[in-house]
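One structure is given here, and the rest of the page talks about it.
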Amino acid sequence: MADDYVSLPCEDAVDIVVLRAEGGHTIPVGGNTLIDLDNDTEPTDGLLTELLAATVRIRADEGLPPGVLAALREAPVPAAFCASPWLDASRVVTVRNGVGHLGRLTVRYSDQTGLRIDLPEADSETDHDADYDLDFPDDENG
């Protein structure tokens, strides 16, 4: 009997949900529903839709310098995401005035240009990672 299941290669990627801090509240970019990242119950359908729309997939095949995906994976998954099978491996970055931090990386977000990761300053003269600026569109489909 033939197996109808087609195995696809596992993509080396990290999903980042971009949130915006405004007026003491946190909301998904492009959305308007408040989120409490410490709440360990599954997000409502409306909030889940906004969170998925605010997700950017960072893939290894996009010319990332070594260590960037590892640095992104070091960020914890918030309790609110752990409760959802759609978000349980996603990391979060909250931007204020377009700037946020994800571990040792500085992240910039604009509604016009999407997500940009500024790499940390080089730790030594042989570390060339700081020579890169990585731009990612503001949706996961690139």
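The values are calculated or read from the model by the stated rules, or taken from the named source; none is laboratory data. Computed from a predicted model, the values in this text were never measured in an experiment. As a convention, Cβ positions derive from the backbone with ideal geometry for all residues, glycine included, and neighbour counts pool all protein chains shown.
Just so you know, in region 83-100 the residues that are among the aliphatic types (A, V, I, L, M) and over 18 Å from ALA53 (Cβ atoms) include one that is surrounded by the fewest Cβ atoms within 10 Å (Cβ to Cβ), and it is VAL99.
Close Cβ contacts (under 9 Å, 6 or more residues apart or on different chains) running from residues in region 70-89 that are free of Cβ contacts under 8 Å to residues at least 40 places away in the same chain to residues that are of a type in the set (A, V, I, L, M) and in a helix (DSSP H, G or I) comprise TRP86/LEU48; TRP86/LEU51; TRP86/LEU52. Note on region 50-64: residues that are loosely packed, with under 15 Cβ neighbours inside 10 Å and either touching a Gly at 6+ places or on another chain (Cβ under 8 Å) or not small (Gly, Ala, Ser) (or both) total 2. With respect to the conditions (1) part of a helix (DSSP H, G or I); (2) loosely packed, with under 15 Cβ neighbours inside 10 Å, ALA80 lacks only one, and its number is (2). Restricting attention to region 10-29, the residues that are more than 15 Å from VAL77 (Cα to Cα) and touching a helix residue (DSSP H, G or I) at 6+ places or on another chain (Cβ under 6 Å) total 2.
Please tell me if ASP123 is of a type outside the set (A, V, I, L, M, F, W, C) and either buried (at least 18 other Cβ atoms within 10 Å of the Cβ) or modelled with pLDDT under 80 (or both). Judged against the criteria, ASP123 is a match.
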